[in-house]
Amino acid sequence: MELLKERILRDGYVKDGDVLKVDSFLNHQIDVPLLCEIGAEFRRRFAEETVTKLLTIEASGIGIAVAAAPHFGNVPVLFAKKSKSRNLDGERYTTQVKSFTKGQVYDVQVAKKYLTPQDRVLILDDFLANGMALLGLADLVRQAGAALVGCGIVIEKGFQPGGALVRGKGIRVESLAVIDSVSQGRIQFAED
Ligand code: 5GP
């Protein structure tokens, strides 16, 4: 997606060797028209699929999924919660995810009543690095007996193992920008 790549080159920067910061338009301050374009592109990529729910993980995935929902017929957005929230009523599906940015393992959960065997789920997230977030979300879909349509990722770091790991499990992953390397702070995209 050219618009996205241009924006990453213009406003993104590399921190701590392999962390890409895109706080000015995706992860902290949000460029809403850009997110709407991103949502439209996800729909194009999964045009032939019936999707009944968009699943993501708090916090950065929420804005992405909300902007995508109108392109998927305004299906509900469900976001997995990272803490052992006492606000979640009733039974939950729980899995564990190791955070890429913080390094710690935490529980991720959704209420059972919002993920059912009738659902056809598209997972959306901002980054794909080691694939732990996606595999955790896919596990929640599996526990619910729902169908996993695939995963839509805004930025895949192709030099990290997550893409191969998740695709190796037979899960379709569509990434709108794939970064091949960030060596010496220079962002290089994979060939389309
Ligand atoms: P994974 O589970 O694939 O290792 O990492 C995915 C999660 O870690 C994403 O939800 C994202 O929040 C965070 N993440 C991974 N790599 C980056 C990065 O380079 N920059 C930022 N801002 N977040 C990242």
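The values are calculated or read from the model by the stated rules, or taken from the named source; none is laboratory data. All figures in this text were calculated on a predicted structure; none of them were measured in a lab. Backbone-built Cβ (ideal geometry, glycine too); neighbour counts: all protein chains shown. When the accessible area is computed, the model is the full protein with side chains, heavy atoms only, and any ligands, DNA or RNA have been set aside. Shrake-Rupley method; radii C 1.70, N 1.55, O 1.52, S 1.80 Å.
Length gained on full extension, Ser83 to Ala40: 12.4 nm, using 0.36 nm per residue less the C-alpha separation. Each residue, Phe159 and Glu48, gets one label point 7 Å from its Cα in the Cβ direction; the gap between the two is 3.5 nm.
Taking 20 °C and 1.002 mPa s as conditions, region 18-89 diffuses translationally at an estimated 161 µm²/s according to Stokes-Einstein applied to its Kirkwood radius (Cα pairs).
Dividing the summed helix terms, -39500 (n - 2.57) for each DSSP H run of n ≥ 4, by the number of residues in the chain produces a 222 nm estimate of -8500 deg cm²/dmol to the nearest 500. For Tyr13, the accessible area of its heavy atoms, probed at 1.4 Å with every protein chain present, is near 120 square angstrom. About the centre of its Cα atoms, region 65-192 shows a dipole size close to 520 debye [charges on the beta carbon of Lys, Arg (+1) and Asp, Glu (-1) only; nearest 20 debye].
Per residue, how much accessible area does region 1-149 show when a 1.4 Å probe rolls over the protein heavy atoms, in square angstrom? List each step's numbers first, then the result.
Working: 7340 Å² over 149 residues.
That works out to 49 Å² for each residue.
Quote the relative contact order of the chain in percent (integer), defining contacts as alpha-carbon pairs under 8 Å separated by 6+ residues. Spell out each step's value before the answer.
Details: 383 pairs, mean separation 36.5, N = 192.
About 19 percent, as a whole number.
Put a dot 7 Å past the Cα of Gln29, heading toward its Cβ, do the same for Lys98, and the two dots end up 3.5 nm apart.
Quick one: net charge of Val173's neighbours, Cβ under 13 Å, K/R +1, D/E -1? Write down the numbers at each step before the final one.
On the way: positive: Arg45, Lys157, Arg167, Lys169, Arg172; negative: Asp125, Glu156, Glu174.
Overall, the nearby charge balance is +2.
Once backbone amide H atoms are built at 1.01 Å from N, Leu128 has Ile155, Glu156, Lys157 as its partners under 5 Å, excluding neighbours fewer than 5 places away on the same chain. Max-minus-min Cα coordinates of the chain on each principal axis give 48, 36, 33 Å, with the largest extent listed first. Just give me a number: lysine pairs in region 1-116, eight or more positions apart or cross-chain, with C-alpha atoms less than 14 Å apart. For region 1-116, the number of qualifying lysine pairs is 8.
Were the residues from Arg186 through Lys15 laid out at 0.36 nm apart, the gain over their Cα-Cα distance would be 60.5 nm. The heavy atoms of Leu3 offer some 90 square angstrom of accessible surface to a 1.4 angstrom probe. In region 37-78, the convex hull through the Cα atoms has an average projected area of 2.6 nm², a quarter of its surface area.
For region 1-114, with all protein chains present and a 1.4 Å probe, just round the carbon and sulfur fraction of the accessible area to a whole percent. Write down the numbers at each step before the final one.
Details: 3050 of 6230 Å².
That share works out to 49 percent.
Of the solvent-accessible surface of region 142-190, computed with a 1.4 Å probe and all protein chains present, 47% belongs to carbon and sulfur.
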